[in-house]
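Read through the structure below, which is laid out as structure tokens, and then see the notes.
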Amino acid sequence: MSRKYVISLERLNRFCTDLFKGYGVTNEDAKIFAEALVKTEARGVKSHGVVRIKNYIDRIVSGTLDVTKDITILKETPTTALIDGNNGIGIVISKKAVEIARKKAEENGIGFVSVRRSNHFGAAGIWGLELSGDDMIGICATNSEPIVSAPTGKTRALGSNPFSITAPAKKYPHVSLDISNGVMALGKIYEYKRLGKPFPEGSWLDTNGNPTTDPNINPIPEFIMRPFGMHKGFGLTVMMEILTAILAGGEFGPQVSSVYRDIDKPNPISHFFIAIRIDYFRELNDFKATMDELIDYLHELPVQSGNSKVLYPGEKGAAVSEKKLKTGIILGEDVVNELLNMATDKGMDISNSPFEIAPDDFEEITQI
Ligand SMILES: NC(=O)c1ccc[n+]([C@@H]2O[C@H](COP(=O)([O-])OP(=O)(O)OC[C@H]3O[C@@H](n4cnc5c(N)ncnc54)[C@H](O)[C@@H]3O)[C@@H](O)[C@H]2O)c1
């Protein structure tokens, strides 16, 4: 059995920042990059946390992700902006786009920022939370390489195009929906493989377009994802493609290359970020108090036998995050080895490794 390692959020943040700096990312951008991925880990979204660093770095090394580029604002009004990401770091571009959207909302009630020629931005919920802050509603999405089939299709049609809608409450953590439009995110296959669990029925097709529950049948990037709720998830993915790529004038559908298979090609994707100032509609405190009422109502709903209370979107992530702040983050041996290898390739001193072997009984919290 492979080992598990534990590391504090703060040490993981420092390690990842140094790692990115080793690969030519500026100090400021490396901090943004590391912080978003560690926050994602902390919320238990392991599929989009540090496990992704290898792919980001492979792209930096191959020159298909340009860490030297800053964003360009192509068009701007008091409430809107169109940004060219210039093939820079998707996470850094997103951080800047969120800041612009929030500033426009602060000044004019709403900010809508459209981005083209970006790269993989990680978990949509991280940007939903940043857009929302303490006082706004945040909405964002990205398009991505085709992976989701049409309801009756047997090939990849469009990206899983994740989106987040996030709003603050008063005594509770944010209500934050953060979902892709497939039955299951591609990155979760790693977790199923690692845990040796079959996929839930109806989540994946194999390379021939036949349903499969075996996570080992194909190499990970070859699986074809089913849309959640059939025409509903598919409809949402089509609309997210429109709100991201088509609106931004970016690449759409099959024009988007694969983030894993086409390491030697840019992966030009588009996003949008909306910030809405709540007090342009309602007194902020009243809004937040009513959010608490809504959450209390949801918590008190009767549940079917064998189930615990109803959770609201974002509740799990916030609870996991609070716990991991105290216990640290658990990483598998494969991920730790990958991180350490990338560090040694750049001559980083890892003789004093920040990753410690986790006790066997360490409780692991994952999203599946
Ligand atoms: N950048 C990309 O290209 C890309 C692509 C796909 C997915 N992703 C990210 O992957 C992550 C996982 O996506 P997913 O589609 O697998 O999401 P998921 O199926 O894990 O659903 C997550 C959402 O459901 C909520 N939730 C979970 N359990 C709940 C419960 N019992 N009751 C109420 N709400 C509950 C969570 O709070 C969260 O909002 C997301 O962060 C997404 O943004 C990114």
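The values are calculated or read from the model by the stated rules, or taken from the named source; none is laboratory data. The model shown is predicted, which means the values in this text are computed figures rather than measured ones. Using ideal geometry, Cβ is built from the backbone for each residue, glycine included, and neighbour counts are taken over all protein chains shown. Remember, those area values only see protein heavy atoms, side chains included, never the ligands or the DNA or RNA. Shrake-Rupley method; radii C 1.70, N 1.55, O 1.52, S 1.80 Å.
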Chymotrypsin sites (Phe, Trp or Tyr not before Pro) lying in DSSP loop within segment 235-325, provided at most 11 other Cβ fall within 10 Å
Phe281
Calculate the FRET efficiency for Asp349 and Gln304 from the Cβ-Cβ distance with a Förster distance of 51 Å, rounded to the nearest 0.05.
0.40
Just the accessible area per residue of the chain, please: how many Å² with a 1.4 Å probe?
45
Give, in nm to one decimal, the length gained when the segment between Asp134 and Ile242 is fully stretched (0.36 nm per residue of separation minus the Cα-Cα distance).
36.0 nm
When the Kirkwood radius is taken over all Cα pairs of the chain, what Stokes-Einstein diffusion coefficient follows at 25 °C and 0.890 mPa s, in µm²/s?
115
Solvent-accessible surface (1.4 angstrom probe) belonging to Leu195, in square angstrom, nearest 10:
70
If a helix is a whole DSSP H run, which ones in the chain reach 24 Å or further along their own axis (Cα) and hold a mean Kyte-Doolittle hydropathy of at least 0.5?
none
Which length gain, in nm to one decimal place, applies between Asn86 and Asp360 when the Cα-Cα distance is subtracted from 0.36 nm times their residue separation?
94.1 nm
Hey, any idea what % of segment 169-262's accessible area is carbon plus sulfur with a 1.4 Å probe?
60
Taking a straight Cα-to-Cα line shorter than 17 Å from Lys197, and setting aside same-chain aspartates and glutamates fewer than 8 residues away, one finds Asp206, Asp214, Glu364
Stretchable slack from Asp334 to Glu322, in nm (0.36 nm times residue separation minus alpha-carbon distance)
1.8 nm
Choice from Thr237, Thr77, Thr207 with maximal GNM fluctuation in the chain (Cα, 10 Å cutoff):
Thr77
With label points set 7 Å from each Cα along the Cα-to-Cβ direction at Arg14 and Asp264, the distance between them in nm comes to 4.0
